[in-house]
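Computed from the coordinates by the stated procedures, all read-outs in this text should not be read as laboratory data. Just so you know, these numbers come straight off a predicted model, no measurement behind them. Cβ coordinates were reconstructed from backbone atoms using ideal geometry, including for glycine residues, and neighbour counts include every protein chain displayed.
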Amino acid sequence: MKDLRPLTKYLAGLGYGSRKEVETAIRRGRVGGLEGCGKGVVGPFENVTFDDEPLDPPPGMVVIMNKPAGYTCSRADGGQLVYELLPPRFLARTPALSSVGRLDAPTTGLLLFTDDGQLLHRLISPRSETEKVYEAVLARPLEGHEGEAFASGTLMLRGEDKPLKPARLEVTGECNARVTLTEGRYHQVRRMFAAVGNHVEALHRTQFGPLTLDGLADGEWRVLDSDEVAGLA
Ligand code: URA
């Protein structure tokens, strides 16, 4: 008789159900790949399947999403939530999955999620050197002084008492700009353009450190592989 308690605990931690629900799933044959396991089924559960699918990654998982407009980066809010775009079991994982910082509801593009608390804090720390790249569509033509203001290291946002770290602005059209920054303050890009007398009409994040949205359509997501996670550290 195999001791299935470690596997049950592991699967419950990955959000496949409560321990009781997982026990039932095992009894009903929904969990496969146990044949090679000895009496003590203690992991790493590499060959285990659930409903004939490989298991989700263990803790340390990072998910990349191409966030659509209109979704909020919150677990409980009135409107549509980014978490609704992920499998419900991801929300039942322990440790919990959180978005790496936030994108405003109207902002689209690259959003990360992780259950790795240390990685999360490193990436959202004000000391983080990780570059984030945004494409902005502006209400009014650029005037030519904005790049210098963004790069100055002295630009102040309304209501704040610490200047922004230098950021890069590339003009990509009369009313279009690419902004590269390392911080992640509340509504930062929108407030930066407001500080230089403009208004952001649309905002899309295309890059987070080495990661891009390559191959991910609006609303799609995928789990990062271990090399991609290592590249974020
Ligand atoms: N800056 C913003 O203004 N909004 C975002 O969602 C991200 C960066």
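Could you tell me how far the Cα centroid of region 51-68 sits from the Cα centroid of region 144-197, in Å?
34 Å
What is the extension gain from ASN176 to GLU131, computed as 0.36 nm multiplied by their sequence separation minus the C-alpha to C-alpha distance, in nm to one decimal? Walk me through the numbers on the way to the answer.
Numbers: separation 45, 0.36 × 45 = 16.20 nm, distance 1.93 nm.
That works out to 14.3 nm of additional length.
Can you bin region 188-233 into rounded, prolate or oblate? Criterion: square roots of the alpha carbon gyration tensor eigenvalues sorted a ≥ b ≥ c, rounded for a/c under 1.5, prolate for a/b above b/c, oblate for the rest.
oblate
What value, in deg cm²/dmol to 500, does the helix sum -39500 (n - 2.57) over DSSP H runs of n ≥ 4 give at 222 nm once divided by the residues of the chain? Walk me through the numbers on the way to the answer.
Details: 7 runs with 51 residues, N = 233.
Result for the chain: -5500 deg cm²/dmol, rounded to the nearest 500.
Are there any helices in the chain, counted as whole DSSP H runs, that stretch 24 Å or more along their axis by Cα and score at least -0.5 on average by Kyte-Doolittle, and if so which?
Helices meeting the criterion: none.
Expected output is a single nm value to one decimal: the length gained when fully extending between ASP225 and THR49, i.e. 0.36 nm times separation in residues minus the C-alpha distance. What is it?
The span from ASP225 to THR49 would gain 61.5 nm if fully extended.
What is the sum of charges, Lys and Arg at +1 and Asp and Glu at -1, for the other residues whose Cβ falls under 12 Å from the Cβ of PHE208?
Cβ neighbours under 12 Å give a net charge of +1.
Expressed in nm to one decimal, what extension gain is obtained for the pair GLU21 and ARG185 from 0.36 nm per residue of sequence separation less their Cα-Cα distance?
Contour length minus Cα-Cα distance gives 54.9 nm.
For LYS165, list the lysines whose Cα falls under 16 Å from its own Cα; do not include residues on the same chain fewer than 8 positions away.
Cα-Cα hits under 16 Å: LYS132.
If the cut-off is a Cα-Cα distance under 29 Å, which lysines reach LYS2, setting aside same-chain residues fewer than 8 apart in sequence?
Correct list for LYS2: LYS20, LYS39.
With loop defined by DSSP as not H, G, I, E or B, and exposure as at most 13 other Cβ atoms within 10 Å, which is the longest segment of the chain clear of exposed trypsin sites (Lys or Arg not before Pro)?
Between exposed loop sites, the widest span is 159-233.
Test of understanding: express the Cα radius of gyration of the chain as a ratio to 2.2 N^0.38 Å, with N the residue count.
1.24
Each label point is 7 Å from the Cα along the Cα-to-Cβ direction; what then is the distance between the points at GLU148 and SER74, in nm?
Rounded to a tenth, the inter-label distance reads 4.1 nm.
Exposure proxy check: GLU84, GLU146 ranked by fewest other beta carbons within 10 Å?
Numbers: GLU84 11, GLU146 21.
The order, fewest Cβ neighbours first, is GLU84, GLU146.
Amide H to amide H, which residues 5 or more places from GLY109 or on other chains are under 5 Å from it, using H placed in the peptide plane?
Amide H neighbours of GLY109, under 5 Å, 5+ apart: LYS67, ARG205.
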